1. Between Val59, Val91, which is open to solvent by less than 70 Å² (accessible area, probe 1.4 Å) and aliphatic (A, V, I, L, M)?
2. Which one of these does Glu77 not meet: (1) assigned to a helix (DSSP H, G or I); (2) surrounded by 13 or more Cβ atoms within 10 Å (Cβ to Cβ); (3) in contact (Cβ under 8 Å) with a residue 24 or more places away in the chain?
3. In the stretch 47-56, which residues are surrounded by 12 or more Cβ atoms within 10 Å (Cβ to Cβ) and under 21 Å from Gly115 (Cα atoms)?
4. Working only within the stretch 83-117, note down all residues that are of a type in the set (D, E, K, R) and at pLDDT below 90.
5. Taking the criterion of being modelled with pLDDT of 90 or more, touching a Leu at 6+ places or on another chain (Cβ under 9 Å) and at negative phi, would at least one residue in the stretch 128-138 satisfy it?
6. Which ones in the stretch 127-167 are surrounded by 10 or more Cβ atoms within 10 Å (Cβ to Cβ), more than 19 Å from the chain's Cα centre (by Cα) and either in contact (Cβ under 8 Å) with a residue 24 or more places away in the chain or under 20 Å from Arg105 (Cα atoms) (or both)?
7. Quick one: would you say Ala117 is touching a residue at least 12 places away in the same chain (Cβ under 8 Å), open to solvent by 70 Å² or more (accessible area, probe 1.4 Å), part of a loop (DSSP other than H, G, I, E, B) and out of contact with any strand residue (DSSP E or B) (no Cβ under 8 Å at 6 or more places or on another chain)?
Amino acid sequence: MEDLAQGWRARLAGWNPRVVLTDGDDPRTAAAARRLAATTPVRPVLLSDSLGGGDGVEVLAPATARSDRRIAGRIDEALAGRGIPPNEHAVCAGDPLYIGAAAVRAGLADACVGGSARPTADVIRAGIRIIGLAAGVRTVTSCFLIVMPDARVFAYADCAVVPQPDATQLADIAL
């Protein structure tokens, strides 16, 4: 695992990405944010009403984020562009996953991490609705890494996101 982490740290050299952690009221997430700040060049932003920052961790209250036109405007713009009814915009604007995705879309963050307390479908839905897919991407999936005791690393794509993939979708997932 350490080799993998070292490789990631080397790739981050000279870059200090700002990462929004949407499950900020979860103590595990707050601990992860402190660890990131202490051991990597990542600048964590904890989306939280209750947990404090410090130790290099920025805290952003969801209500503050919702009142920031750069974030709220991106949510409204993206949802309207996807035909989501206006009455659903307010619900989405209060959802930390949507707030984090909008911060990325607005250029206020480089990445967003969420889902420790939410289903994968919620995380993917917010990302697709607010950020969208890269050009040429047709199939959305997820994956996880398994680091073996001998330091080998395996990535496993999760076909649960596409429960009945056809051959084209399976090829996309493999890529």
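1. Matching residue, one of Val59, Val91: Val59.
2. With (1) assigned to a helix (DSSP H, G or I); (2) surrounded by 13 or more Cβ atoms within 10 Å (Cβ to Cβ); (3) in contact (Cβ under 8 Å) with a residue 24 or more places away in the chain applied to Glu77, the lone miss is (3).
3. Leu47, Ser48, Asp49, Leu51, Gly53 - these are the residues of the stretch 47-56 that are surrounded by 12 or more Cβ atoms within 10 Å (Cβ to Cβ) and under 21 Å from Gly115 (Cα atoms).
4. Glu88
5. Yes, because at least one residue in the stretch 128-138 is modelled with pLDDT of 90 or more, touching a Leu at 6+ places or on another chain (Cβ under 9 Å) and at negative phi.
6. Within the stretch 127-167, Val147, Ala151, Val153, Pro165 qualify.
7. When the stated conditions are applied, Ala117 passes them.
The values are calculated or read from the model by the stated rules, or taken from the named source; none is laboratory data. What you see is a predicted model, and the numbers here were worked out from it, not measured in a lab. A quick note on method: Cβ atoms are made from the backbone with ideal geometry, for glycine too, and the neighbour counts reach across all protein chains shown. Side chains included, ligands, DNA and RNA excluded: accessible areas come from the protein's heavy atoms. Shrake-Rupley method; radii C 1.70, N 1.55, O 1.52, S 1.80 Å.
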